[in-house]
1. Please go through the range 144-178 and give me each residue that is in a strand (DSSP E or B) and among the polar types (S, T, N, Q), ordered by number.
2. Given the options ASP48, ASP71, ASP76, name the one that is more than 11 Å from the ligand (Cβ to nearest atom), among the charged types (D, E, K, R) and buried (at least 16 other Cβ atoms within 10 Å of the Cβ).
3. Considering only the range 179-210, state which residues are exposed (fewer than 15 other Cβ atoms within 10 Å of the Cβ), at pLDDT below 95 and part of a helix (DSSP H, G or I).
4. Take the residues in the range 8-43 that are over 23 Å from TRP189 (Cα atoms) and surrounded by 20 or more Cβ atoms within 10 Å (Cβ to Cβ), then tell me which one is nearest to the ligand (Cβ to nearest atom).
5. Which members of the range 36-61 meet the condition of being under 17 Å from ALA99 (Cα atoms) and within 22 Å of the chain's Cα centre (by Cα)?
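The values are calculated or read from the model by the stated rules, or taken from the named source; none is laboratory data. Keep in mind that what you see is a predicted model, and the values were worked out from it rather than measured. Cβ placement follows ideal geometry from the backbone for every residue including glycine, while neighbour counts extend to all protein chains displayed.
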Amino acid sequence: MPSTILVVEDEPAIQELIAVNLTFAGHKVLRAATAEQAATLVRAELPDLVLLDWMLPGASGVQFAKQLRGDERTRDVPIIMLTARSNETDKVDGLEAGADDYVTKPFSPKELMARIKAVLRRRAPQLTDDLVDIGGLALDPATHRLSGVAPGGVRRTLEIGPTEFRLLHFFMTHPERVYSRAQLLDQVWGDHVFLEERTVDVHIRRLRHALSPTGHENLVETVRGSGYRFSVAEQRLVVV
Ligand code: CA
């Protein structure tokens, strides 16, 4: 699934090199040369990941990272710091400021892409194209196919709408955790999308309906007063 990546880098040649590679890999790229510009872009659209140069004119990359971590809306956005320095103290400072990873210049585009993928896989697995197979359901983001193993062991393809597919992808990559309707709206529909919370209920109903041909509708649990949870725990008890 394409991700939106914000590149904060004041050196035009490096910014261009990164942007070209990200675009080629299918990502949407937002560009800023300063932390101030980056803050403006983030207010308009929450990126899925930030590539952040350490040395910037004006506020430094570390200051901007702290700013992102200090704001509830941007707290969980993965950050990879880019730096020309390679000493350990700086690395510790960067990680303490809230960076998820740290890449030292000069880097090869291939290395950077691999690090981005690794961070996304760890922090936002619903944004990767990796096949997810859990609880007898197999979801393939690359082909947008979903299948389930029916009682009796036969695998069947399941028909599912695009929103329900994204919702299920999020659930399957974050199993056993309860999400409120507001959190699901942020994670699946995107922040800055102003929808009523009952929109979530409508899509949960459609999702359960889509999962019912193979008997997987009960994996989407309603947690009274809290929201929803994708759980395979009950099912495991039955199988074992
Ligand atoms: Ca710089």
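1. SER147, THR157
2. Values: ASP71 fails: buried (at least 16 other Cβ atoms within 10 Å of the Cβ); ASP76 fails: buried (at least 16 other Cβ atoms within 10 Å of the Cβ).
Step by step, each of ASP48, ASP71, ASP76 is checked, and only ASP48 is more than 11 Å from the ligand (Cβ to nearest atom), among the charged types (D, E, K, R) and buried (at least 16 other Cβ atoms within 10 Å of the Cβ).
3. ALA182, ARG198
4. Filtering the range 8-43 for residues that are over 23 Å from TRP189 (Cα atoms) and surrounded by 20 or more Cβ atoms within 10 Å (Cβ to Cβ), the one nearest to the ligand (Cβ to nearest atom) comes out as GLU9.
5. Within the range 36-61, the first condition is being under 17 Å from ALA99 (Cα atoms), and the residues that meet it are 38-39, 42, 46-56, 59-61.
Within the range 36-61, ALA38, ALA39, VAL42, LEU46, PRO47, ASP48, LEU49, VAL50, LEU51, LEU52, ASP53, GLY61 meet the criteria.
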